[in-house]
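First the structure, in the form of structure tokens, and then the observations on it.
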Amino acid sequence: MPHPSRSAKKKNIKYIFVTGGVMSGVGKGIASASIGAILQSRGLSVTAVKIDPYVNVDAGTMNPTEHGEVFVLDDGTECDQDMGNYERFLNKSLSGADYMTTGSVYKAVIDRERSMGYGGKCVEVVPHIPLEIIDRITRAAQHAAADVVITEIGGTVGEYQNVLFLEAVRMLKIKHPEDILLVLISYLPMMNDDNEQKTKPTQYAVRALNAAGLQPDLILARAKHPLDKKRKEKIAFNCNLREEDVISAPDVGSVYDIPVNFEKDGVGNRIVQKLGLSARRGRLDGWRLLGKKARTAKKTVTIGIVGKYFSSGAFVLTDAYISVIEAVKHGALAAGVKPQIEWIDSEQFEKNPAALKSLDAYNGIVVPGGFGSRGVEGKIAAIGYCRRRGIPYFGLCYGMQLAVVEYARSVLKMRSAHTTEIDAKTAHPVIDILPEQKKLMAENNYGGTMRLGAWPAVLAKGSIAAAAYGVGKISERHRHRYEVNPEYVGRLQKGGVVFSGTSPDARLMEIMELPKAVHPFFVGTQFHPELLSRPFAPHPLFVAFMKAAAGCIKKKSL
């Protein structure tokens, strides 16, 4: 196999690396995706890579309350939520070639050494780990036939976790200085709204990069308010940059305003000039229209998300459901309404059943995916309330499974019905583990072993799902071990449940719904439709859900 640097030179691929300074959570993923959107608007082919500095081989075993949502790709790769940002902003599907962790890199090097892939050489952390990183980034570019590869390095500069990734950037930049551009995203804190934005933390972040042998080409200055000229001058002078290389990145009402904001401050021009790219003038009309629609929608639709991955100390961690949030927004844009999303802890309904009446204040309820027993009875109670009261309901993965449990209990009078994930000895296991999963669970083989990635399904004519999609066959992304028990499908159907989507062999129930004559919108999916929703291509089921929610401002009892 040719050396990665030679492959890069031959194709003259351009590489943009994005790293963060001062603190985490400054929006590296959104910034990377926005840069990609800007370059796409100039006629360039762009792909994106995420580097997670965790020893985990993938994101599948990471706790959502600590790491955020586990995003799943078509090929089944379980990855960081920023991969979702890339797909949404670039409006394209990525693959496992576009994601790596420290664990996956080390595993690849060790596996190669064990198979004599290094020909008996002494394998060292440097240079072999950075060379593996470079090789993976180069392969991602070749796989996508990209002009530009944008690689986000997780964490912040100065941490032990990402030193080897920065070393890979340094090595690549030495070989091809004209093809590499480094972007630092740094936060400018303020003591209060009347005080100045503090640049010293950014200066220290740049020095940490300098210590790794790197100098940023652009600095994206994240702050509550736009950066003024004085602060730009100060950062430029102290960080060895021109003033126009310091880009203001203030807080905005919608993440979809960010590409337009960046372009106003000249990001596209600076990147094209610095990398010597041949590109047309950028047009972000679609993004401007998207932002305008979001700002001018007059009718507000209140959506409640009932879950358990919210608590992080005294704060609400919305990253656990970031794709659901964005899919709701996309559906709202298509429906011409403004979404107001609120978080509902399902455990409150277990402690106080009377609290279910609070659901009457919502125009629609979503129960997203999840695992485990905590709050599950509260979710089931909320689902039943929505079903009885005619509140539009959308259940995603676990949300579909629990809707089946609730219906079996309340309508079919199987009082002990449950999922065997929670009650292995239930008399009515309406939800049961997939047969192929039983051996894996017995061996404690959890990593990357669920039913993952894109799987086909066929839709029933005349159903809500078929009307929403407008086609008879679909492909959707999955992440689960449990399914509707085939032994109960007939009884559920006779009792009024419509399984409007099934696997092609009709073995697996992929979508359940109640007829419109019974309920305005009561739909559950075994897959995760939120993973395929994009601002310019909203998911049809989320559009249908938001339209139903918009039509149910005044609820009626059933």
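So the values come out like this:
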read-out	value
Test for GLY96: is it closer than 28 Å to GLU530 by Cα and surrounded by fewer than 19 Cβ atoms within 10 Å (Cβ to Cβ)	no
Some residue of the stretch 418-426 being surrounded by 12 or more Cβ atoms within 10 Å (Cβ to Cβ), in contact with a Lys or Arg (Cβ under 7 Å, 6 or more places away or on another chain) and closer than 17 Å to CYS397 by Cα	no
Strands (runs of 3 or more DSSP E) completely within the stretch 462-504 that count 1 or more residues being basic (Lys, Arg), within 31 Å of the chain's Cα centre (by Cα) and assigned by TED's automatic domain parsing to the domain that holds ALA537	473-480
Every residue from the stretch 273-325 that is assigned to a strand (DSSP E or B), surrounded by 18 or more Cβ atoms within 10 Å (Cβ to Cβ) and modelled with pLDDT under 90	GLY307
Unique residue being within 28 Å of LEU532 (Cβ to Cβ), modelled with pLDDT under 95, in the same structural domain as GLY213 (by TED's automatic domain parsing) and out of contact with any helix residue (DSSP H, G or I) (no Cβ under 7 Å at 6 or more places or on another chain) when the list is THR61, THR65	THR61
Count of the stretch 365-420 residues which are closer than 25 Å to LYS516 by Cβ, in a loop (DSSP other than H, G, I, E, B) and β-branched (Val, Ile, Thr)	2
Residue within the stretch 189-204 that is in contact with a strand residue (DSSP E or B) (Cβ under 8 Å, 6 or more places away or on another chain), part of a helix (DSSP H, G or I) and among the basic types (Lys, Arg) present	no
Unique residue being among the charged types (D, E, K, R), closer than 19 Å to ASN162 by Cα and assigned by TED's automatic domain parsing to the domain that holds SER32 when the list is LYS173, LYS234, LYS224, LYS229	LYS173
Leading residue by the ranking (surrounded by the most Cβ atoms within 10 Å (Cβ to Cβ)) among those in the stretch 448-461 that are part of a strand (DSSP E or B) and of a type in the set (A, V, I, L, M, F, W, C)	ALA457
Residue among GLY155, GLY213 that is under 22 Å from SER24 (Cα atoms), among the small types (Gly, Ala, Ser) and more than 31 Å from the chain's Cα centre (by Cα)	GLY213
Filter pass, THR65 being surrounded by 22 or more Cβ atoms within 10 Å (Cβ to Cβ) and out of contact with any Pro (no Cβ under 7 Å at 6 or more places or on another chain)	no
In the stretch 478-500, the residues that are surrounded by 22 or more Cβ atoms within 10 Å (Cβ to Cβ) and farther than 24 Å from ILE422 by Cβ	SER500
Count - residues of the stretch 157-167 that are farther than 12 Å from ILE51 by Cα and buried (at least 23 other Cβ atoms within 10 Å of the Cβ)	1
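The values are calculated or read from the model by the stated rules, or taken from the named source; none is laboratory data. Bear in mind the structure is a predicted one, so any value in this text is a computation, not a measurement. Cβ sites come from the backbone with ideal geometry, for glycine too, and all protein chains shown count toward neighbours.
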